[in-house]
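Take a look at the structure below.
Rule-based calculations on the coordinates, nothing more; no lab input. Just so we're clear, the structure is a prediction, and the values are computed from it rather than from any experiment. Neighbour counts are summed over all protein chains in view; Cβ atoms, including those assigned to glycine, are modelled from backbone coordinates with ideal geometry.
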Amino acid sequence: MSDTARDRLADKQAELLRALLAGGPAPAGFDQRALDVEATALLAKRRRVVAQIAPEAAGDLGDRFVPLFDEYARAHPRRDGSRAREDAAAFGEWLVARGETAAPRRRWWRFGR
């Protein structure tokens, strides 16, 4: 595969990822409704993983968790190579910065004697 063909493929893949993860338009040749369904499923999966990693955030927010996380996720697509724990921590920081939750208290661990 030539460098030009590889670059075109990379551009098309990036366009598809933007459509799926960042609310971008459907690339040529893709059905917008099908991409919307897949984007919704990927968002739900990301939300579920964050709720499992940071159950206190989901619990504290209650019914506000889903709309707040969806707002956060649409504005902050996951970066290449980022980890789910980093995503959960960034969501927590985003909540604190917006005043949705208080900053977490620092935990002090005491080891047995």
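Some points to look at:
- Ordering Leu20, Leu42 by the number of other Cβ atoms within 10 Å of each residue's own Cβ, fewest first, gives Leu42, Leu20.
- Build a GNM of the chain with springs between Cα atoms under 10 Å apart, and of Asp36, Asp80, Asp60 the one that fluctuates most is Asp80.
- Highest GNM mean-square fluctuation among Phe30, Phe69, Phe91, for the chain modelled with Cα contacts below 10 Å: Phe30.
- Placing +1 on the Cβ of every Lys and Arg and -1 on the Cβ of every Asp and Glu, with nothing else charged, gives the chain a dipole about its Cα centre of roughly 720 debye.
- Directionally averaged shadow of the chain, computed from the convex hull of its alpha-carbon atoms, nm²: 10.9 nm²
- Here r is the Cβ-Cβ distance between Val37 and Glu86 and R0 is 35 Å; the resulting FRET efficiency, rounded to 0.05, is 0.80.
- Projecting the Cα positions of Ser2, Thr101, Val37 onto the charge dipole of the chain (unit charges on Cβ atoms of Lys, Arg, Asp and Glu, taken about the Cα centre) puts Thr101 furthest along the positive direction.
- Helical runs assigned H by DSSP (4 residues or longer) give the chain a calculated mean residue ellipticity at 222 nm of -21500 deg cm²/dmol, each run adding -39500 (n - 2.57) before division by the residue total.
- Gaussian network model of the chain, springs between alpha carbon atoms under 10 Å - residue of Pro77, Pro27, Pro67 with greatest fluctuation: Pro67
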